[in-house]
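The values are calculated or read from the model by the stated rules, or taken from the named source; none is laboratory data. Computed from a prediction, not measured in an experiment: that's the story for all the values here. Cβ atoms come from the backbone with ideal geometry, glycine included; neighbour counts cover every protein chain shown.
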Amino acid sequence: MKLVAKVKLLPSHSQANALTGTLETANAACDYVSGQAWEAQTFGQFALHRMVYYDVRSRFGLSAQVVVRLISKVVDSYKIDRAAKRTFRPHGGITYDSRILSWKMEKSQVNIWTVEGRLSVPFVCGPRQRELLQGQRGESDLCLIDGQFYLFATCDWDEPTPGDVSDFLGVDLGIVNIAADSDGNTYAGAQLNGLRHRHARLRRKLQAKGSKGARRLLARRRRRESRFAHHVNHCIAKALVLRARDTARGIALEDLKGIRQRVTVRRAQRRQHHSWAFADLRAKVEYKARLYGVPFVLVNPRHTSQTCPSCGTIDRANRVSQALFSCASCGFSGPADTTAAGNIARRAVVNRPHCSPAPVGVG
């Protein structure tokens with residue numbers, strides 16, 4: 001399987017200027033290539049390469065392989081949508097391959113191409129990232145994030161073969177409780193939602209104030225909520241996968257793709273609804289399950305929160321409140337999220353759907 005190691009670069013002042021200049025020149029070249037592609041309505045890799053390669057090299061003074069990678073970046077951007085001309089941020093990330101970047105693990109350095117020539121730039125990372133980098137293959141992305149340079153390196157990792165299981169740990173995803181499993185455990189709801197409310201209130205106050213100091217504080221806090229949510233999702237995903245592994249079970253989640261388009265909420269609930277990071281949590285559970293050799297399946301979420309596990313009755317009235325499930329037919333009652341998770345687990349055992357393809361994880 002493919003994993004991504006995030007490595008922080010420690011360039012000197014002159015090296016940082018060279019890296020910044022490289023990003024700016026490369027993205028200016030991408031804008032030029034995108035303009036030519038849009039004007040000619042040519043979006044294929046080889047056709048666009050033949051059309052702009054020599055022109056880009058002469059205009060921007062870039063090396064051959066860098067131009068190849070930049071053309072690929074433009075082509076990939078148009079694979080998403082060809083309805084509008086693509087533009088690129090001056091400090092947007094660019095891709096390197098083994099011809100223009102090499103790793104010197106014993107020296108904790110990378111040898112990287114820039115507009116000022118090849119540079120040997122030191123890097124730092126944790127033991128987990130260093131372990132992943134032993135299997136580094138293919139491309140690495142250079143990114144400038146909040147004034148710091150990072151490399152995101154694609155690494156090969158041996159994937160254990162999932163064992164045969166006869167049971168699944170069902171997981172119900174939600175907003176009040178981010179996740180609840182069929183064993184009765186709930187995860188991180190109040191803590192994460194409380195933090196999001198506090199961040200939203202602070203953002204409103206700072207935006208209303210509009211002073212220079214308020215803008216600086218907003219910039220410093222810009223990604224704090226996102227980092228916290230990613231950390232929480234990592235912790236939840238690992239706890240779920242390890243529980244499934246230690247009890248010799250697979251793990252089953254609802255397939256909630258497209259739920260934001262299917263579900264409407266009141267205006268007051270829109271921010272909470274659209275900040276629900278269930279896709280990120282699903283991706284983390286999925287790749288960690290592959291990492292630990294735990295079978296992973298997705299099930300149809302239809303009526304999982306309205307079905308009685310005792311008599312099988314499906315009724316909207318069974319969901320008495322967000323927290324309580326009480327069957328209108330047989331009287332069975334219990335925590336609503338745990339009941340839904342149990343239904344997901346049973347549905348996984350009966351239906352045994354195919355596992356969806358796993359995303360790349362960040363280590």
Kindly indicate which of D181, D141 is without any contact (Cβ under 8 Å) to a residue 60 or more places away in the chain and in contact with a Ser or Thr (Cβ under 8 Å, 6 or more places away or on another chain).
D141
Considering only residues that are outside any loop (DSSP other than H, G, I, E, B) and surrounded by fewer than 19 Cβ atoms within 10 Å (Cβ to Cβ), look in the range 274-290 and name the one that is farthest from the chain's Cα centre (by Cα).
H274
Subset of the range 88-112 that is aromatic (F, W, Y) and free of Cβ contacts under 8 Å to residues at least 60 places away in the same chain - its residue that is nearest to F149 (Cα to Cα):
Y96
List, please: which pairs have Cβ atoms under 7 Å, are six or more places apart or on different chains, and start with a residue in the range 164-176 that is in a loop (DSSP other than H, G, I, E, B) and end with one that is hydroxyl-bearing (S, T, Y) and crowded, with 24+ Cβ neighbours inside 10 Å?
none
Kindly check whether there is at least one residue in the range 298-312 that is surrounded by fewer than 21 Cβ atoms within 10 Å (Cβ to Cβ) and under 28 Å from K2 (Cα atoms).
yes
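Residues to consider are L195, L169; find the one that is farther than 18 Å from D280 by Cβ and among the aliphatic types (A, V, I, L, M). Lay out the reasoning, then the answer.
Details: L195 fails: farther than 18 Å from D280 by Cβ.
The conditions single out L169.
Checking the condition outside the structural domain of R227 (by TED's automatic domain parsing) and more than 27 Å from F46 (Cβ to Cβ), which residue from G92, G138, G163 passes?
Working: G92 fails: more than 27 Å from F46 (Cβ to Cβ); G138 fails: more than 27 Å from F46 (Cβ to Cβ).
The conditions single out G163.
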List every residue pair whose Cβ atoms lie under 9 Å apart, where the two residues are 6 or more positions apart in sequence or sit on different chains, the first residue falls within the range 286-298 and is in the same structural domain as R347 (by TED's automatic domain parsing) and under 18 Å from L256 (Cα atoms), and the second residue, located anywhere, is at pLDDT 90 or above and acidic (D, E).
F296/E286; L298/E286
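Only residues that are within 20 Å of G138 (Cβ to Cβ) and at pLDDT 95 or above: list them for the range 105-116, please. Spell out how you get there, then give the answer.
Filtering the range 105-116 for residues within 20 Å of G138 (Cβ to Cβ) gives 105, 109-113.
Once the filter is applied, which keeps residues that are within 20 Å of G138 (Cβ to Cβ) and at pLDDT 95 or above, the range 105-116 yields Q109, V110, N111, I112, W113.
Filter the range 70-85 down to the residues that are touching a residue at least 40 places away in the same chain (Cβ under 8 Å) and more than 22 Å from the chain's Cα centre (by Cα), then identify the one that is farthest from I112 (Cα to Cα). Please lay out each step first, then the result.
Filtering the range 70-85 down to residues touching a residue at least 40 places away in the same chain (Cβ under 8 Å) leaves 70, 73-74, 77-78, 85.
Next, from what is left, pick out any that are more than 22 Å from the chain's Cα centre (by Cα): 70, 85.
Numbers: L70: 16, K85: 30 Å.
The qualifying residue farthest from I112 (Cα to Cα) is K85.
Are there strands (runs of 3 or more DSSP E) fully within the range 39-123 with at least 2 residues that are surrounded by 16 or more Cβ atoms within 10 Å (Cβ to Cβ) and of a type in the set (S, T, Y)? List them. Lay out the reasoning, then the answer.
Values: elements: 94-96, 101-104, 109-114.
By residue number, 94-96.
Among the residues of the range 129-141, are any in a loop (DSSP other than H, G, I, E, B) and closer than 21 Å to F60 by Cβ? Write out each step before concluding.
From the range 129-141, those in a loop (DSSP other than H, G, I, E, B) are 134-135; that's our starting set.
Going one step further and asking which of them are closer than 21 Å to F60 by Cβ, we end up with none.
Within the range 129-141, none of the residues are in a loop (DSSP other than H, G, I, E, B) and closer than 21 Å to F60 by Cβ.
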So, first residue surrounded by 11 or more Cβ atoms within 10 Å (Cβ to Cβ) in the range 203-226, second residue among the small types (G, A, S) and at pLDDT 85 or above, Cβ within less than 6 Å, six or more apart or across chains; the pairs are L206/A214
Applying the selection to the range 299-326, what residues are assigned to a strand (DSSP E or B) and in contact (Cβ under 8 Å) with a residue 40 or more places away in the chain?
V299
Taking the residues in the range 1-27 that are in contact with a helix residue (DSSP H, G or I) (Cβ under 9 Å, 6 or more places away or on another chain) and of a type in the set (G, A, S) as candidates, determine which candidate is nearest to R57 (Cα to Cα).
A26
